[in-house]
Every structure is written in C-alpha cells, then in structure tokens.
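S.K.: Attaching a single structure in structure tokens format; questions to follow.
The values are calculated or read from the model by the stated rules, or taken from the named source; none is laboratory data. Everything numeric here is computed off the predicted structure, so don't read it as measured data. FYI the Cβ positions are ideal-geometry reconstructions off the backbone, even for glycines, and counts take in every protein chain you see.
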C-alpha cells in the first residue's frame with residue numbers, strides 16, 4: 001500500500017468523532033443530518049470530518065442530489081488490520097516473556 | 001481503552017518515519033544513534049519522533065545514562081488490532097457482496 005495512503009488513514013482515525021462516525025456507519029449507511037445528531041455538532045463541522053474520512057478512503061458518499069448517504073468503506077479498515085498484523089509475532093512474544 | 005490514548009496512537013502512526021522506526025524496533029531494541037542512520041535525519045529530528053512514539057506508548061526507552069536503548073511496546077499495537085477487529089464483519093461482508 002502507498003505510504004501516503006496509510007498516513008491519511010491513520011490521521012483520519014486519530015479523532016474520536018471520526019471513529020464514532022465509522023462506528024455509526026458500521027450499522028448501515030445514513031445521511032449527514034442523521035450522522036450529525038448524536039454529536040451535537042453543526043452540519044459544517046460534521047462535513048469537515050466526513051471530508052477527512054472520504055479522503056482517507058474510509059467512507060464513500062452517494063451522488064444523489066438531495067440525500068447523499070454516507071457508507072463505510074470497510075476494506076480500508078482491513079488495510080489497517082493487515083498493516084498491524086505484521087506485528088502480531090512481537091506482541092505474542094512480549095506477552096509470553098516473563099516481566 | 002481511553003479515547004485519548006487511541007488518538008495518540010493513531011496520530012503517532014500517521015507518519016512514515018515513525019512507522020519505519022517501529023518496523024526497525026520489531027527486529028530488536030537499539031540506540032537512537034543506530035535508529036537515526038537509515039533515515040538520514042539529525043538526532044534531534046529522530047528524538048522528536050521517538051517522543052511522539054513514547055507518549056503514545058508504542059516504544060519505551062531504557063534509563064541507562066550512556067545508552068538509552070529503544071524498544072517496541074508491541075502490546076500497544078495489539079490495541080490497534082483489537083480496535084480494528086470490531087470491523088472485521090463489515091469488510092468480510094463487503095467483499096462477499098456483489099459489486
């Protein structure tokens with residue numbers, strides 16, 4: 001995977017609102033208005049977070065004029081899982097090692 | 001896990017030099033001087049990255065006066081793996097779904 005892409009993905013995940021948006025979208029696609037509700041955040045505020053997530057490839061937005069549903073692009077999270085998986089041996093060894 | 005901690009971890013991972021430092025430390029602990037070599041970076045430059053990694057709990061540094069070896073704290077990467085694992089169902093479903 002391109003280095004820049006991982007930079008964008010991790011930077012996008014470094015914010016609790018953006019992680020909460022992903023958790024909401026894991027349940028199913030929804031509109032920006034619905035997404036904004038639990039966060040007590042303005043639509044422009046949420047839209048800014050959505051742009052960061054979209055640029056990182058973590059969400060996609062529909063092209064329908066009135067209702068542009070957001071949906072999770074879970075394949076990008078699999079890329080995070082694949083990246084971190086290379087360290088599995090390290091944490092398994094560190095847990096086995098006596099303190 | 002505390003929300004702030006995940007913020008620090010993901011922010012620390014959003015940089016290619018810091019990810020490369022983790023990859024080097026996965027091989028074994030080493031000194032800052034050794035770590036700096038492949039990056040053509042000044043010691044203060046590398047030290048700045050190490051501070052970010054240390055604050056996120058991704059590395060630890062020895063307390064020996066002359067040689068302060070850096071080592072990977074792989075358990076923190078397991079926390080990333082655990083976080084992303086909650087989305088496994090989503091990416092498995094998205095790969096099964098016809099395009």
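S.K.: What about residue A:36, is it out of contact with any strand residue (DSSP E or B) (no Cβ under 9 Å at 6 or more places or on another chain) and under 28 Å from residue B:76 (Cβ atoms)?
M.R.: Details: out of contact with any strand residue (DSSP E or B) (no Cβ under 9 Å at 6 or more places or on another chain): yes; under 28 Å from residue B:76 (Cβ atoms): no.
Against the criterion (out of contact with any strand residue (DSSP E or B) (no Cβ under 9 Å at 6 or more places or on another chain) and under 28 Å from residue B:76 (Cβ atoms)), residue A:36 does not qualify.
S.K.: What tally of residues in segment B:31-53 results from selecting those that are in contact with a helix residue (DSSP H, G or I) (Cβ under 9 Å, 6 or more places away or on another chain) and at pLDDT 95 or above? Can you show your working first?
M.R.: Going residue by residue through segment B:31-53, those that are in contact with a helix residue (DSSP H, G or I) (Cβ under 9 Å, 6 or more places away or on another chain) are B:32-36, B:38-39, B:41-43, B:45-47, B:49-50, B:52-53.
Narrowing the set further to residues that are at pLDDT 95 or above leaves B:49-50, B:52-53.
Residues in segment B:31-53 being in contact with a helix residue (DSSP H, G or I) (Cβ under 9 Å, 6 or more places away or on another chain) and at pLDDT 95 or above: 4 in total.
S.K.: For residues in segment A:66-99 being within 18 Å of residue B:95 (Cβ to Cβ) and in a strand (DSSP E or B), which is farthest from the other protein chains (Cβ to nearest Cβ)?
M.R.: Keep residues of segment A:66-99 that are within 18 Å of residue B:95 (Cβ to Cβ), which gives A:71-83, A:85.
From the residues that got through so far, the ones that are in a strand (DSSP E or B) too are A:71-72.
Values: A:71: 9, A:72: 6 Å.
So the residue we want is A:71.
S.K.: Within segment A:49-99, how many residues are closer than 16 Å to residue A:22 by Cβ and touching a strand residue (DSSP E or B) at 6+ places or on another chain (Cβ under 8 Å)?
M.R.: 12
S.K.: If a residue has to be exposed (fewer than 15 other Cβ atoms within 10 Å of the Cβ), within 11 Å of chain B (Cβ to nearest Cβ) and not in a helix (DSSP H, G or I) to count, how many in segment A:2-54 make the cut?
M.R.: Number satisfying all stated conditions: 2.
S.K.: Considering only segment B:55-68, state which residues are surrounded by 12 or more Cβ atoms within 10 Å (Cβ to Cβ) and without any contact (Cβ under 8 Å) to a residue 40 or more places away in the chain. Step through it out loud before you land on a result.
M.R.: Of all residues in segment B:55-68, those surrounded by 12 or more Cβ atoms within 10 Å (Cβ to Cβ) come to B:55-62, B:68.
Within segment B:55-68, B:59, B:60, B:61, B:62, B:68 meet the criteria.
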